[in-house]
Amino acid sequence: MDRTDPGWIEARLTGARPQAMAALLRYFRDLDLAEEAYQEACLRALRHWPQNGPPRNAEGWLIMVGRNAALDHLRRDARLAELPPEEAMAQPESGPDLAERLDAADYRDDILRLLFICCHPDLPATQQIALALRIVSGLPVERIARAFLVAPRAMEQRITRAKARIGQSALPFDTPGPAERAERFAAVAAMIYLVFNEGYADADPAGERAALCDEAIRLARLMLRLFPAEPEMMGLLALMLLQHSRQRARLDAAGAPILLEEQDRTLWNRQMIGEALAMLDKAMLHHRPGPYQIQAAIAALHARAPRPADTDWAGIDRLYAALERLAPSPVVTLNRAVAVAKLHGPEAALDLVEPLRERLDGYFYLHGLRGALLRQLGRNAEAREALSRAIGLANSAAEATHIRRQLDSLQALSEGS
């Protein structure tokens, strides 16, 4: 590809953004200033790269130009002497090569810090996701707003509030020790999975939110390039690839969800599945199992089954039992109930579900599964009540349509009896 082509340059700027933003944040310790510095560097790149060609070290060039532009701005504001004119910084190879300095500064921790700041525990999940998509991924506010079905002005305010909250807290800029690095890594992995699930909730592969799945996968790949020996990030990437591989098979022609066991498996993306299975095997070699690896192993058993009847439900049940021990959660137990229903019938599964009702009363999937199990047991009145509760908690029109069909089916049974 022509490296002076605008499309190639734009892709190169997008790829360089996390590293450049992370370094600029370390220099200035201010998200707004770091973002303004990077945007100024991008504007200069768009002016100079098509004429002179991109620099060998694009990240270093953007960091140097962005840093100098921001310092120039700060010095003007302080009525100090200006830096040399832009032309002195515009040549792609001018100034020292920053590669060694980036390595010396351990840019891996810079990017980890940047992502960790975006998932600050004081921020609601929606603000964490929006901030990461804007600051790290560089998505336009308008696109993020469309994904969350809000007005751009409202999303801009949401991101501004998140930045303000972070600005009021003490940002961790010291080099983290092993324990703190592990804590940051776990928080970043959780945030990446939040981004993915925001997209996965919209089963429409052409939907605006579905693109968030691709962005989450891109962030996980970035983390693995920086930390290639982290088995949990391998597990997370494998899990997201396996889930995303089913995207084309998840909706019927009317837009209603298709249950996993009823999906056309020829529509599953086998290339994604192959990559995920290889990634999961690589993670297992480290002998450090974690929740993401176990969830990926569960998804892998589904992906390996040529037909629903070939699914290793006993293996899935054992994996969920292991996940319950490692990371106990009522949602994990609820998911295990599906495997128990396949192995031991709806009554045994309902025995697992009933104790979860109080803790998961506002959870769509609890009432949907409970309604399905009650229906299998012929307890139609209770099933109708559970499904009616589920439809009021649906996260999307597609989920509501799926439950409505079950309710209509129960109504037809009632009228036919």
Among L139, L301, A187, the residue whose Cα sits farthest towards the positive end of the charge dipole of the chain, when +1 is placed on the Cβ of each Lys and Arg and -1 on the Cβ of each Asp and Glu, is L301
I want to verify a result. In a Gaussian network model of the chain, Cα cutoff 10 Å, which of these has the top mean-square fluctuation: L334, L224, L267? L267
Y292, Y363, ranked by accessible area, largest first (probe 1.4 Å): Y363, Y292
Provide the per-residue ³J(HN,Hα) series for the stretch 305-319, in order, calculated from phi with Karplus coefficients 6.51, -1.76, 1.60 and θ = phi - 60°, each as a whole number of Hz, with x at glycine and proline positions. 7, x, 10, x, 5, 8, 5, 7, 5, 5, x, 5, 4, 5, 5
Of all accessible heavy-atom area on the chain, the percent that carbon and sulfur account for (1.4 Å): 52
With I316 itself left out, Lys, Arg at +1 and Asp, Glu at -1 over residues whose Cβ is under 13 Å from its Cβ give -1
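At a temperature of 37 °C and a viscosity of 0.692 mPa s, determine how fast the stretch 308-403 diffuses translationally according to Stokes-Einstein, using the Kirkwood radius over alpha-carbon pairs as Rh; express D in µm²/s, rounded to the nearest whole number. Provide the component values of the computation, followed by the final result.
Values: Rh = 13.8 Å.
The estimated diffusion coefficient comes to 239 µm²/s.
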At q = 0.09, 0.16 Å⁻¹, the log10 of I(q)/I(0) for the stretch 128-255 from a Debye sum over equal Cα scatterers comes to -0.30, -0.88
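Assuming 1.002 mPa s and 20 °C, estimate D for the chain with Stokes-Einstein, Rh taken as the Kirkwood radius over Cα pairs, in µm²/s. Mind showing how you got there, number by number?
Details: Rh = 23.9 Å.
In µm²/s, the coefficient is 90.
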Rounded to the nearest 0.05, what FRET efficiency is calculated for R76 and R161 with R0 set to 45 Å and r the Cβ-Cβ distance? 0.95
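The values are calculated or read from the model by the stated rules, or taken from the named source; none is laboratory data. Only a predicted model underlies this, so the values are computations on that prediction, with no experimental measurement involved. With ideal geometry, Cβ positions are generated from the backbone for all residues, glycine too; neighbour counts draw on all protein chains shown. Surface areas here come from the heavy atoms of the whole protein model, side chains and all, with no ligands, DNA or RNA. Shrake-Rupley method; radii C 1.70, N 1.55, O 1.52, S 1.80 Å.
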